[in-house]
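Only one structure is covered here, and it is reproduced in the block below.
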């Protein structure tokens, strides 16, 4: 492959913890292949939600970092880490839930052993009132709390393992997508990008900020607390901003954009019980995210298709202008007028004047559905292998996109 000219690759690692191991496997395949100069090293990696965890782990873009990242993800159980060790129940709700349970047991107390009637009735009445009071207090706490779960464990884990010095000295620019749900006061948009990077001056030298960005960007809204940013706004899971930030990659002048969109079983029909509010909410969020992602990608593909068709039509009109020079002047005038009309209509089309987006959409085998809380080494290994195989099955497609970029098309 000719590497005399530069291709600016932007790699997009997307959301969903089912894709975590697959994203790591794909990144590892990309890493080893790029260091062998089989494909160019990516200029940018963008991580969203669980993809941000992988992006932060592979940020140094060295085999040492790759081996450590893939080993930790594959063998989390061997390290004594389970899905539940990434998060824990909100201690505030845990306390009030326990207190309510204790109070709820009060009616089981054998009040009949209290001999005096007035004292027995008073005890029963007090117990009943305490249950009602605690239920009201718990409901108030529940609806006024910052989240159901805490993500402090994930923060502590990443603070321990992220090689920050190697990250800020990396040849790859990484950006972890975080969503500011207060919005953008400058544009009056409902959501603002609040990402962290390894290259912006305001981000360099602050490991805690970088790791907090990874954690906040991978914390589904409502399940986990938001984080107060420098504007005093609330930051949350990057998926609220976008699942795959193609627009950011274009803004950073990436001329090859790789969307690592792995298939997983949950994208289709699932014979599961979604009667519980939390499982139903999680499933609904996944459906909305995947559908929105598909809609955005289809939009880019349609624009690409239209740009190509418009280009061919303009070339045909140019050829036609050359041909009519040899025809009767009266016919030439008529045809010339029609050509002008067609050119005017083409200029009104949405895709006219737009650049083609050099997209590589990574497909894969289906990742089996599993509960992140109960994952094991085998499920991680399966996901990792699916991602690793997906890279090598698509490597030629990536290199063809690189060749197109290097020709300036």
Task: Residue within region 337-355 that is at pLDDT 90 or above, over 47 Å from the mean Cα position of the chain (by Cα) and not assigned by TED's automatic domain parsing to the domain that holds residue 267 present - done: yes
TODO: Out of 191, 174, report the one residue that is under 20 Å from the mean Cα position of the chain (by Cα), closer than 25 Å to residue 43 by Cβ and at pLDDT 95 or above.
DONE: 174
TODO: Considering only residues that are modelled with pLDDT of 95 or more and under 21 Å from residue 364 (Cβ atoms), look in region 245-275 and name the one that is farthest from the chain's Cα centre (by Cα).
DONE: 256
Open item on the list: Can you report the number of residues in region 368-404 which are part of a helix (DSSP H, G or I) and surrounded by fewer than 19 Cβ atoms within 10 Å (Cβ to Cβ)?
Closed with: 18
- [ ] Output yes when any residue across region 251-269 is in a loop (DSSP other than H, G, I, E, B) and over 23 Å from residue 176 (Cα atoms), and no when none is.
- [x] yes
TODO: Please work out if residue 266 is crowded, with 21+ Cβ neighbours inside 10 Å, under 25 Å from residue 154 (Cα atoms) and in contact with a helix residue (DSSP H, G or I) (Cβ under 9 Å, 6 or more places away or on another chain).
DONE: no
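Per-residue answers, yes or no, for (1) surrounded by 14 or more Cβ atoms within 10 Å (Cβ to Cβ); (2) out of contact with any strand residue (DSSP E or B) (no Cβ under 8 Å at 6 or more places or on another chain); (3) more than 19 Å from residue 246 (Cβ to Cβ):
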| position | (1), (2), (3) |
| --- | --- |
| 349 | yes, yes, yes |
| 360 | yes, no, no |
| 363 | no, yes, no |
| 366 | no, no, yes |
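The values are calculated or read from the model by the stated rules, or taken from the named source; none is laboratory data. Bear in mind the structure is a predicted one, so any value in this text is a computation, not a measurement. Every residue, glycine as well, gets a Cβ built from its backbone with ideal geometry; the counts of neighbours run over all protein chains shown.
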